[in-house]
Every structure is written in structure tokens, then in C-alpha cells.
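Notes to accompany the following structure.
The values are calculated or read from the model by the stated rules, or taken from the named source; none is laboratory data. Computed from a predicted model, the values in this text were never measured in an experiment. Neighbour counts are summed over all protein chains in view; Cβ atoms, including those assigned to glycine, are modelled from backbone coordinates with ideal geometry. For the accessible areas, the whole protein counts, side chains as well, though only heavy atoms, and no ligand, DNA or RNA atoms are used. Shrake-Rupley method; radii C 1.70, N 1.55, O 1.52, S 1.80 Å.
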Amino acid sequence: MNFQPRSGSRPRSLLLCAAVALAVAGVAVAAPADAPATVAPSNAQLASPQIERKVDALLAKMTLAEKIGQLMQYNDQGSSAPTAADAGAAIAVNPETRDHVDAYDLAKKGELGSMLNVIGADKTRRFQEAAMHSRLGIPILFGADVIHGYRTIYPVPLGLSASWDPQLVQDVSHMSAVEATTGGVKWFYSPMVDISRDARWGRSTEGAGEDAFLGSAMARAYIRGYQGTDLSRPDSVAASVKHFAAYGAAEAGREYNTTDMSDIRLRQIYLPPYKAAVEAGAATMMSSFNALNGVPATADPYLMTDILRKEWGFDGFVVSDYTAIMELTHHGIALDAATATKKALEAGVEVDMMSHFYDTQIPKLLKEGKLSMATVDEAVRRVLRVKFALGLFEHPYARGTEVTQAVDAHRPLARRAAEESFVLLKNGGAGQAPLLPLSSSVKKLALIGPLADDASEMQGAWGGAQHLPDVVTLRGGLAARMKKLGGELLYAKGTDVLTDSQAGFAAAKQAAAQADVVVMALGESSSMSGEAGSRAHLDLPGNQQQLLEAIVATGKPVVLLAFSGRPLVLDWADQHVGAIMETWFPGTEAGNAVANVLFGDVAPSGKLTMSFPRAVGQEPLYYNQFPTGRPAGDADLSKPPAGDTRFISRYIDVPNSALYPFGYGLSYTTFDYSGVQLSRKRVPLAEANRSGAKDLVTVTATVKNTGKRAGTEVVQLYVRNLGASVEQPVRSLQGFQRVTLKAGESRQVTFKLGFPELSFYNVKSQPVVEPTHYTVWVGGSSLATQQADFDVTP
Ligand code: BGC
């Protein structure tokens with residue numbers, strides 16, 4: 001299993017024992033594939049009068065120790081819970097008192113509010129029984145890092161986002177909840193909605209990429225999938241939206257690093273997905289590790305009180321990230337545990353994840369009059385509110401029969417999710433015929449590369465409670481396909497992901513020499529992205545580039561499948577390899593999905609949600625840049641203007657543009673755009689400037705499948721706004737639709753632009769529309785060229 005990114009990834013300087021959760025084996029039974037929810041629950045569900053009455057009644061009965069218990073979180077390491085898996089594990093040490101803390105004892109006393117990454121129905125039941133038999137019988141909330149699947153693993157979130165298919169993401173998330181609730185998990189530390197514009201940041205793999213509009217759509221989809229229409233359903237889980245906030249802007253893409261940005265940028269680019277999640281009813285949030293503008297997010301009242309609670313009306317609770325309260329001492333804004341506790345709690349962190357500060361420090365702070373009881377009560381209220389809303393008091397235990405391996409009924413969804421996530425980056429071109437789809441008459445297919453036959457490497461970071469024997473590797477999927485076609489699959493690993501040894505090159509070249517076509521499975525290992533996975537180089541690791549060059553030199557047609565949790569630099573491959581497909585980390589059904597797409601049963605439809613750079617020095621690289629006073633060319637920034645080519649905003653050694661830009665992705669057919677039209681050319685300011693205005697301008701355009709086979713296109717709408725009081729991006733995404741068209745078929749697509757799409761933040765951090773000139777583009781990537789214009793008039 002893989003609930004921690006990896007055991008060595010925890011900060012080494014922690015004052016307490018880091019936790020590594022353990023898996024529990026069991027019996028496999030398929031869970032029912034319930035229909036996904038389509039309507040978001042309201043945030044009001046959390047704070048209904050009925051729930052508030054229950055909370056009041058319970059709070060009135062609680063001792064201080066019981067109250068503080070609700071704010072504490074432990075894992076099960078070293079607890080005396082009577083299961084074999086606990087034997088010999090280290091016991092958590094309270095950093096202040098150096099006392100050993102036994103989570104099971106706390107549960108029995110009714111002093112343990114939540115637990116982290118406790119896996120297995122049997123285990124959660126034992127802790128829960130202890131809690132339910134305590135004086136007040138308040139259930140424990142079991143949280144886990146279920147990020148892209150529990151037992152059945154779906155593509156990593158960055159891959160899922162490349163589907164541009166929120167309904168798919170909702171369905172996938174719902175399936176994860178259906179599986180995990182059979183193990184007693186009722187709280188997911190997901191979705192990660194941090195915008196990431198810097199491919200060096202390893203956690204890019206956990207989010208939906210660089211764009212706020214798409215990120216918001218995906219955030220809503222996750223919340224709907226996890227929480228359903230009714231949080232109290234036995235198969236619903238509470239989401240924890242993370243990491244609040246702006247973690248993805250870590251300077252230089254270096255993990256846990258500081259962030260610093262204007263309020264406009266924060267609100268326009270980084271906050272929208274968190275806000276969308278809260279509006280969709282997210283029950284909890286997780287504070288982030290980074291400092292924002294000098295204040296560590298875990299102690300930031302501006303983020304957690306002013307914005308989250310006061311502006312957005314959030315009724316749920318905030319959990320710190322792992323030991324983040326303790327880390328306030330490392331940030332240097334708290335010199336002792338008491339100050340860290342006071343700062344975090346007063347700023348709005350209700351639950352202490354693994355710092356183990358709140359239990360010792362809150363009583364002390366109260367006694368010294370440094371913290372009010374009202375602050376503690378408010379924190380406990382928020383936790384209890386979520387527990388009541390979840391129906392945890394009524395059904396505290398794992399539901400149904402425990403799912404202990406990938407669920408067969410969920411495999412088709414996992415396969416479709418993987419197929420939709422793949423992005424075809426190159427397919428012939430510049431005089432070369434398309435290489436894909438592969439013909440079913442291929443007799444010998446060579447599969448080469450370190451990622452071709454490795455189940456664990458198909459899962460990506462945060463593999464949930466994965467069961468590796470369930471994974472279909474590429475070798476498995478392609479061997480089955482070649483057998484069906486009456487052909488043969490030749491396999492050679494060639495090299496490891498990270499090595500200098502060329503010992504496997506000869507066998508790989510030999511396999512290529514015998515084959516009609518070569519498929520190369522190269523890229524990162526799962527552990528190279530995710531938490532603590534920052535990279536300063538974005539090329540193929542180890543000697544995989546040399547292997548690629550050696551195989552291309554054989555003259556055989558080569559299809560490169562790039563596995564990664566982030567954009568890579570693929571400039572050499574772009575020039576020398578016949579076809580390139582980004583496959584991310586596809587999950588349980590990897591091999592079948594790859595076979596289906598390579599052989600054309602399914603045409604690729606994914607589009608990039610992060611720009612792929614030409615060189616790492618371009619990072620952070622994103623399409624919706626601001627203009628400069630010395631522009632380097634037109635909107636795609638790749639064509640130098642006539643005249644001065646030196647004193648303009650550009651690199652002297654590489655174009656500004658991405659190698660593969662945001663929104664880009666090919667299919668096995670082609671699409672053409674025409675006839676962008678607007679419902680009106682002028683919108684009066686008074687009408688536009690109402691925050692509820694939904695349909696100010698309707699944009700229509702025609703998209704046509706101009707190729708020879710059916711395909712799905714992600715139609716994208718971009719907007720630019722010129723003449724505003726603050727400069728605006730060269731274009732920003734404000735709409736998208738997936739459209740499936742038969743060969744030759746045309747369809748008119750419609751988008752509505754209202755206040756949310758046309759407004760921006762002014763210098764006073766107010767969302768406004770001003771009398772300005774708008775350009776809209778409709779097309780198949782952020783380089784869309786079909787446009788129309790309108791004005792907002794004074
Ligand atoms: C990560 C979180 C995760 C938590 C619990 C932290 O290190 O930043 O994303 O949810 O650990 O495992």
C-alpha cells in the first residue's frame with residue numbers, strides 16, 4: 001500500500017516518530033457500482049439547525065479532555081489496539097512531555113477525534129468500538145490519502161485533468177468513496193486543488209494543472225464524487241481540500257518552499273479552485289506547509305479566517321498538514337509549542353495532524369488565560385458538525401463487505417479514465433505519415449523500456465490501498481493484444497529508470513531490429529513526483545535518453561510513451577521520434593488502456609493541462625501570462641516581431657513558447673473551427689457588473705471533424721480583456737466542452753459568458769467588470785485563432 005508518499009519522505013528533523021501506515025489483507029468482494037451523484041450538497045448541510053442543536057447538546061456534556069480529543073489526530077502506530085499489525089511498531093512520543101501516547105487508550109477514553117491512514121475494516125472497527133464505548137460515544141473520523149483510487153487505482157490527478165471531463169472525475173471519485181467506505185474510511189485528504197505552473201514541483205501530479213477555470217471545474221467534480229448529494233449516505237466521504245493555500249507556487253518549484261504573490265494573483269489564479277470546492281460543499285480543508293507572503297499558511301488568519309470563513313462562509317473544519325503546527329517553530333514564527341498552538345488554532349486550524357501539540361498546549365494556554373474557551377468550543381463545534389453531517393453517529397463502522405483488491409466492476413471506468421487521460425503529442429507530421437494508430441497487421445511489436453513491465457510504476461504517487469497484482473502492465477496488455485492479432489510481442493527492458501548501466505541496450509536494439517514497430521515506455525518512476533518530488537531537470541531520467549537515441553538509430557518506427565507526473569522536456573523526441581504520447585501514470589488498467597489507444601479502438605482525446613517546456617529554464621511556464629511593455633510576438637509568444645529582436649521580453653536561446661502548450665493534444669482525426677459569433681457586441685457596464693449576471697454574452701462556434709474517423713475534441717474558449725485598470729493575461733480559459741463527432745460531422749457549440757467569466761480583481765481585491773474591450777477565441781488549444789470581439793460600454 002502507499003498511503004505515505006514513501007517512508008523516507010517525511011522531514012527528518014521532526015520531533016516525533018514519523019508514521020508509516022500498514023495494509024491489512026482481506027477477502028475480495030466487489031462493491032456495488034452505485035450511480036454517481038450529480039448535484040452538489042450545499043455547505044448549509046453542515047450547519048443545519050438540527051445539527052447545531054445536536055452539537056450544542058453534546059458540547060455541553062464534554063470535559064476539556066474530551067473536547068481537546070476531538071482536535072487531535074493520531075495514526076495507529078504502536079497503539080495497543082489488539083491487532084497483530086501493531087506489534088513492534090514505535091509508539092508516538094509527545095514532543096513536549098516526551099510521554100508515550102497510545103492512540104488506542106485515547107480512543108477508549110473518548111479522547112481521540114480522528115485517525116490518519118488506518119487501513120482495514122477490522123482495524124478501524126477496533127478503534128471505533130473503543131470510541132463508541134467511551135463515556136459519550138463520539139465516533140472517530142478515519143481519514144486517508146485516497147487521492148486517485150483506493151484499491152482500484154485511476155490515473156494520477158494531473159492525468160485525469162487532461163481528460164477535461166469533470167463527469168469522469170466525479171465518477172472516479174465516487175468509486176473511490178464506494179471502495180474506501182468498506183474499510184471504514186470516511187474522510188479523504190483530497191482533492192489537491194493547488195494550481196501548479198512549475199513543472200519542477202513534484203506535487204503537480206496531484207492536481208489539475210496550471211489553470212484556475214479548469215481547476216475549479218475539477219475541484220467541484222471531486223467534491224460531488226466524494227460527498228455525493230448527501231454527505232450522510234454510508235458511501236459518502238468528507239473531502240479535505242488541500243493545501244490551503246497557494247502551495248503550488250513554491251518558489252523555484254522546490255518542495256515546501258515559500259510563496260510570495262500579490263493579492264490579485266492569489267485571488268485570480270490560486271484561490272478559485274478552493275473557493276469552487278467550498279461552494280460545492282467541501283466539508284473540510286487542509287492547511288498547507290508553505291508560507292504565503294511571509295505568513296506560514298498554517299497560522300494565517302487572512303487565509304483561514306478572513307477569506308475561508310468570513311468571505312466564503314465555510315462551516316466545516318480545517319486540519320493542519322502533517323506536523324505543520326510543529327513546523328511553525330521551524331518557520332521561526334513560533335518559538336515554542338504553546339505559541340505554535342495558539343497561532344494555528346486562532347488562525348483557524350481545528351485539527352492537529354500529527355504535531356501532537358494541541359493536547360498538551362491547549363490546557364496550558366487556557367490556564368494562563370492566553371486562549372479563550374470560546375475558541376476551543378468553536379473548533380470542537382466544527383469537528384462535531386462534520387461528524388453529524390456525515391451520519392457517523394448512526395453508522396460509525398465500515399459499511400458492507402470490505403474491498404481488498406481492485407474491483408472488477410470498476411475496471412471499465414479505470415480503463416476509460418486512463419484512455420481519456422492520454423495526450424497524443426506528436427503523430428508523424430512535417431512530411432512523415434502518422435504512425436498511430438498501429439495497424440492490426442503488425443506482426444512483431446517490440447516493447448522496450450523500464451516502465452514496460454512494472455506494476456508499481458503504473459500507479460503513480462499516492463497509490464491508495466493498491467493491490468499490485470491487480471495491475472495490468474503494458475507488457476500484459478500488449479501481449480494479450482498481439483496474441484489476439486496473431487502477432488508477437490518482443491520485450492526488452494533496456495535500462496532502469498535511473499542508472500548509468502547500458503547492459504540492457506544490446507538486447508533492446510536486438511528486439512527493435514526484429515520488430516515492425518517499436519513502442520518505448522520511458523519516463524519517471526512513480527516516486528519521482530508527488531510529495532518531496534521536486535526536480536531541477538525535466539528530461540528523461542538516467543540514461544533513458546541514450547536508449548531512446550540508440551533505438552531510433554535502428555531506423556525502426558518508434559512510438560514513445562512518456563510516463564510522468566509532470567511535464568517533461570521532450571524536445572529531442574519531438575524532432576526525432578515518429579509518435580509521442582504522454583501517458584502519465586495510468587493506474588490499474590494501464591496496459592489495456594494503452595493497447596486500446598495504440599491500436600485505435602479508442603482515439604486519443606486528452607489535452608494538456610500544464611505547458612510542456614522546451615527547456616527547464618522556462619519554468620514556471622504557463623499560457624495565461626501577463627503582457628509586457630516589450631512583447632515578444634503574438635499571443636503564442638513564439639514569433640519574433642518585425643524590428644528590434646533584442647530588447648524584447650524573450651530568451652536569447654530558446655523561444656518563449658511551450659513545446660506543447662496548455663490545451664494541446666492530437667487525435668487520430670482532425671478538427672476545424674469556424675464562425676465564432678457573439679449574441680451581442682456591446683454590454684452595458686451596469687448590467688455586466690452584477691455578480692449574479694450569468695448570461696451577458698453567448699458565444700457560438702462551429703467545430704467540424706475533418707478527418708476520416710470519429711473522435712472527441714475538447715473545444716476551448718479563451719478570453720482577453722484590454723483596457724482594464726490592472727493588466728490582464730494574454731488570454732484565459734473561460735469555457736470548455738468535450739464534443740464527440742463522426743467523420744465529417746459538424747456541431748455548433750455554445751458558451752455563456754457572465755460576471756464570473758468576465759470579471760477580474762482590481763487593486764482593492766474586488767471582483768469587477770470595467771468598461772473594456774474583450775476578445776474571445778474558440779479552438780482546440782490555448783493557441784486557438786478563431787476570434788470575435790465585444791465591448792463592455794460605460
Ligand atoms: C501531505 C498531505 C497528506 C498528509 C497526510 C502530508 O505530508 O502534504 O498531502 O494528506 O501528509 O498523509
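Numbers below:
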quantity: From the options 291, 299, residue that is surrounded by 19 or more Cβ atoms within 10 Å (Cβ to Cβ) and closer than 25 Å to residue 210 by Cα; calculated: 291
quantity: Subset tally (residues that are in a loop (DSSP other than H, G, I, E, B), out of contact with any Ser or Thr (no Cβ under 7 Å at 6 or more places or on another chain) and either at pLDDT 95 or above or not aliphatic (A, V, I, L, M) (or both)) for region 666-701; calculated: 11
quantity: Residue within region 634-652 that is more than 21 Å from residue 421 (Cα to Cα), open to solvent by 70 Å² or more (accessible area, probe 1.4 Å) and at pLDDT 95 or above present; calculated: no
quantity: Verdict on residue 230 being in contact with a Leu (Cβ under 8 Å, 6 or more places away or on another chain), open to solvent by 10 Å² or more (accessible area, probe 1.4 Å) and away from the ligand (no atom under 16 Å from the Cβ); calculated: no
quantity: Residue tally, condition more than 16 Å from the ligand (Cβ to nearest atom) and either surrounded by fewer than 24 Cβ atoms within 10 Å (Cβ to Cβ) or under 16 Å from the mean Cα position of the chain (by Cα) (or both), over region 279-288; calculated: 2
quantity: Candidate set from region 198-222 (those that are hydrophobic (A, V, I, L, M, F, W, C) and away from the ligand (no atom under 16 Å from the Cβ)); member that is most open to solvent (accessible area, probe 1.4 Å); calculated: 213
quantity: Every pair of residues 6+ apart whose Cβ atoms lie under 6 Å, when the first sits in region 200-223 and is closer than 21 Å to residue 149 by Cβ while the second is open to solvent by 10 Å² or more (accessible area, probe 1.4 Å) and away from the ligand (no atom under 16 Å from the Cβ); calculated: 217/166; 221/166
quantity: Enumerated strands (runs of 3 or more DSSP E) restricted to region 729-790, each holding at least 2 residues that are surrounded by fewer than 19 Cβ atoms within 10 Å (Cβ to Cβ) and charged (D, E, K, R); calculated: 746-753
quantity: Qualifying positions in region 416-465 - open to solvent by 30 Å² or more (accessible area, probe 1.4 Å) and in a loop (DSSP other than H, G, I, E, B); calculated: 430, 431, 433, 434, 435, 437, 439, 440, 441, 443, 453, 454
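Conditions tested, residue by residue: (1) within 28 Å of residue 234 (Cβ to Cβ); (2) touching a helix residue (DSSP H, G or I) at 6+ places or on another chain (Cβ under 9 Å); (3) more than 16 Å from the ligand (Cβ to nearest atom).
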position: 346; (1), (2), (3): no, yes, yes
position: 363; (1), (2), (3): no, yes, yes
position: 370; (1), (2), (3): no, yes, yes
position: 379; (1), (2), (3): yes, yes, yes
position: 402; (1), (2), (3): yes, yes, yes
position: 412; (1), (2), (3): yes, no, yes
position: 424; (1), (2), (3): no, yes, yes
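Residues are listed down the side, and each one gets a yes or a no for (1) touching a Phe, Trp or Tyr at 6+ places or on another chain (Cβ under 9 Å); (2) part of a helix (DSSP H, G or I):
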position: 104; (1), (2): yes, yes
position: 107; (1), (2): yes, yes
position: 112; (1), (2): yes, no
position: 118; (1), (2): yes, no
position: 125; (1), (2): yes, yes
position: 130; (1), (2): yes, yes
position: 136; (1), (2): no, no
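Here is a yes/no grid of residues against (1) open to solvent by less than 10 Å² (accessible area, probe 1.4 Å); (2) within 25 Å of residue 55 (Cβ to Cβ):
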site: 334; (1), (2): yes, no
site: 344; (1), (2): yes, yes
site: 349; (1), (2): yes, yes
site: 360; (1), (2): no, no
site: 378; (1), (2): no, yes
site: 381; (1), (2): no, yes
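Here's the yes/no breakdown for (1) modelled with pLDDT under 95; (2) within 28 Å of residue 403 (Cα to Cα); (3) among the hydrophobic types (A, V, I, L, M, F, W, C); (4) open to solvent by less than 10 Å² (accessible area, probe 1.4 Å):
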| position | (1), (2), (3), (4) |
| --- | --- |
| 70 | no, no, no, yes |
| 85 | yes, yes, yes, no |
| 95 | yes, no, no, no |
| 98 | yes, no, no, no |
| 109 | no, no, no, no |
| 125 | no, yes, no, no |
| 129 | no, yes, no, no |
| 140 | no, yes, yes, yes |
| 146 | no, yes, yes, yes |
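Table: residues versus (1) within 16 Å of the ligand (Cβ to nearest atom); (2) over 23 Å from the mean Cα position of the chain (by Cα).
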position	(1), (2)
251	no, no
301	no, yes
322	yes, no
332	no, yes
